[in-house]
Amino acid sequence: MGAESSEKTLHRYLEIREGGRCGVIRAGGRSLKASHLIPKRMGTEGAKQVVAAFVGAEEALHAHQYLPMVGILLFGPLASEVD
């Protein structure tokens, strides 16, 4: 069996953090999606810059585009609006 992808790992961590519910409307279910609050196209360097601006340089040292801190679990229709 292969290693879990970064997307799946992010989803798993967000499910744990959010208690298996949408971070906005608190609904649960199968249609929940891990959404990036910092666009993936910005990459890891972009994520580091945003984290540094909001949290500080120390925290940004370990930031990357799949960091659960920069994600949220959303109900499918809401996730499509974020993406």
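Counting only residues that are of a type in the set (D, E, K, R) and exposed (fewer than 13 other Cβ atoms within 10 Å of the Cβ), which one in the range 58-83 is farthest from residue 5 (Cα to Cα)? Quick ask: steps written out before the conclusion?
Step one: filter the range 58-83 for residues of a type in the set (D, E, K, R), giving 58-59, 81, 83.
Imposing the further condition that a residue be exposed (fewer than 13 other Cβ atoms within 10 Å of the Cβ) reduces the set to 58, 81, 83.
Working: 58: 26, 81: 23, 83: 19 Å.
That would be 58.
Applying the selection to the range 27-45, what residues are under 14 Å from the mean Cα position of the chain (by Cα) and not in a helix (DSSP H, G or I)? Reasoning before the result, please.
Residues of the range 27-45 under 14 Å from the mean Cα position of the chain (by Cα): 32-44.
The answer is 32, 33, 34, 35, 36, 37, 38, 39.
Tell me, please, whether a residue that is part of a strand (DSSP E or B) and at pLDDT 85 or above can be found in the range 3-10. Spell out how you get there, then give the answer.
As a first pass, look at the range 3-10 and keep what is part of a strand (DSSP E or B): none.
Checked the range 3-10: no residue is part of a strand (DSSP E or B) and at pLDDT 85 or above.
Testing residue 24 on (1) in a loop (DSSP other than H, G, I, E, B); (2) modelled with pLDDT of 85 or more, one condition comes back false. Which one is that?
Unmet condition: (2).
In the range 2-23, how many residues are more than 12 Å from residue 66 (Cβ to Cβ) and either surrounded by 15 or more Cβ atoms within 10 Å (Cβ to Cβ) or touching a strand residue (DSSP E or B) at 6+ places or on another chain (Cβ under 6 Å) (or both)?
In the first step, residues of the range 2-23 are kept if they are more than 12 Å from residue 66 (Cβ to Cβ); the result is 2-3, 15-23.
Now narrow it down to the ones that are either surrounded by 15 or more Cβ atoms within 10 Å (Cβ to Cβ) or touching a strand residue (DSSP E or B) at 6+ places or on another chain (Cβ under 6 Å) (or both): 15, 18, 20-23.
Selection size over the range 2-23: 6.
Tell me, which residue of the range 30-48 that is surrounded by 16 or more Cβ atoms within 10 Å (Cβ to Cβ), within 13 Å of residue 70 (Cβ to Cβ) and touching a strand residue (DSSP E or B) at 6+ places or on another chain (Cβ under 7 Å) is modelled with the lowest pLDDT?
36
Spot the failing condition for residue 55; the list is (1) β-branched (Val, Ile, Thr); (2) surrounded by 14 or more Cβ atoms within 10 Å (Cβ to Cβ); (3) more than 14 Å from the chain's Cα centre (by Cα), and only one is missed.
So the condition that residue 55 fails would be (2).
Give me the pairs: first residue in the range 63-75 and closer than 18 Å to residue 53 by Cβ, second residue in a strand (DSSP E or B), beta-carbon distance under 7 Å, and six or more apart or on different chains, which are they?
Matching pairs, first to second residue: 65/36; 70/36; 71/34; 71/35; 71/36.
The values are calculated or read from the model by the stated rules, or taken from the named source; none is laboratory data. Just so it is clear, the structure is predicted and the values come from calculations on it, not from any experiment. Virtual Cβ from ideal backbone geometry, glycine too; neighbours counted across all protein chains shown.
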